[in-house]
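In what follows, a single structure is set out as structure tokens and then discussed.
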Amino acid sequence: MLVTKSRLKVLLAEADITQAELAEKLNINRRFIIDLANGKSKSLSVENLKKMVEFFQCNIQDLIYFEKVS
């Protein structure tokens, strides 16, 4: 089974921005950001991920990755 992991909390800290501020700046649902940051995102919106990659000026692999869990 693959589980989605996120580096969003690290990127937020490095950018000195809160989840709420990111949601407002990118016009993204705050719940999506909270779930992604906590590894609870069930559905990944490509559009939202693209906005975040552009905002943080990083690769998608810097934002999310998949981990195999047994």
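Okay, helix-only estimate at 222 nm for the chain: each DSSP H run of n ≥ 4 adds -39500 (n - 2.57), divide by all residues, round to 500 deg cm²/dmol; what do you get?
Helices in the chain give a 222 nm mean residue ellipticity of -15000 deg cm²/dmol.
So for the chain, taking the charge dipole from beta-carbon charges (+1 Lys/Arg, -1 Asp/Glu), which of Ala37, Leu11, Val53 sits furthest toward the positive end?
Ala37
Give me the number: length gained by fully extending Lys9 to Tyr65, i.e. 0.36 nm times residue separation minus the C-alpha to C-alpha distance, one decimal in nm.
18.8 nm
Here, each number is a calculation from the coordinates, and none is a lab measurement. Nothing here was measured: the structure is a model prediction, and the numbers come from that model. Quick reminder, even Gly has a Cβ in these numbers, built from the backbone with ideal geometry, and neighbours come from all protein chains shown.
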